[in-house]
Amino acid sequence: MRLRLHATPPENAAMLAALSEVLNIQTISRPYPDRPPSTRERIYIDAMPRERKESGR
């Protein structure tokens with residue numbers, strides 16, 4: 001799947017870290033800054049869901 005993150009650079013970094021816990025991130029694009037005066041940027045990622053581990057019931 002392809003996802004777009006649209007936030008400030010620190011917010012995007014935090015979201016990438018959180019998403020990497022549940023997704024296998026394959027590629028991360030370069031940041032595409034919005035036009036001024038916006039402080040946001042767009043980052044595109046290609047990712048797949050991680051395999052779910054079966055509980056040992």
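Using only Cα atoms, tell me the angle between helix 9-19 and the longest principal axis of the chain; keep it within 0 to 90° and round to the nearest 10.
Long axis of 9-19 versus the principal axis of the chain: about 10 degrees.
Add -39500 (n - 2.57) for each DSSP H run of 4 or more in the chain, then divide by its residues: what number comes out at 222 nm, to the nearest 500 deg cm²/dmol?
That comes out to -6000 deg cm²/dmol.
Can you give the accessible area per residue of the chain, in Å², using a 1.4 Å probe?
83 Å²
On the protein heavy atoms, probe 1.4 angstrom, tell me the percent of accessible surface of region 2-57 carried by carbon and sulfur. Show your work: numbers first, answer last.
Numbers: 2470 of 4640 Å².
Percent of accessible area from carbon and sulfur atoms in region 2-57: 53.
For Ile43, what charge total do you get from the other residues with a beta carbon under 9 Å from its beta carbon, if Lys and Arg give +1 and Asp and Glu give -1?
Combined, the nearby Lys, Arg, Asp and Glu give +2.
For the chain, with equal point scatterers placed on the C-alpha atoms only and solvent neglected, what are the log10 I(q)/I(0) values from the Debye formula at q = 0.23 1/Å, to two decimals?
Listed by q, the Debye log ratios stand at -0.87.
The values are calculated or read from the model by the stated rules, or taken from the named source; none is laboratory data. Treat the numbers as computed from the prediction; the structure is a model and nothing was measured. Cβ: placed from backbone, ideal geometry, glycine included. Neighbour counts: every protein chain shown. Side chains are part of the model used for accessible areas, which takes the heavy atoms of the whole protein and leaves out ligands, DNA and RNA. Shrake-Rupley method; radii C 1.70, N 1.55, O 1.52, S 1.80 Å.
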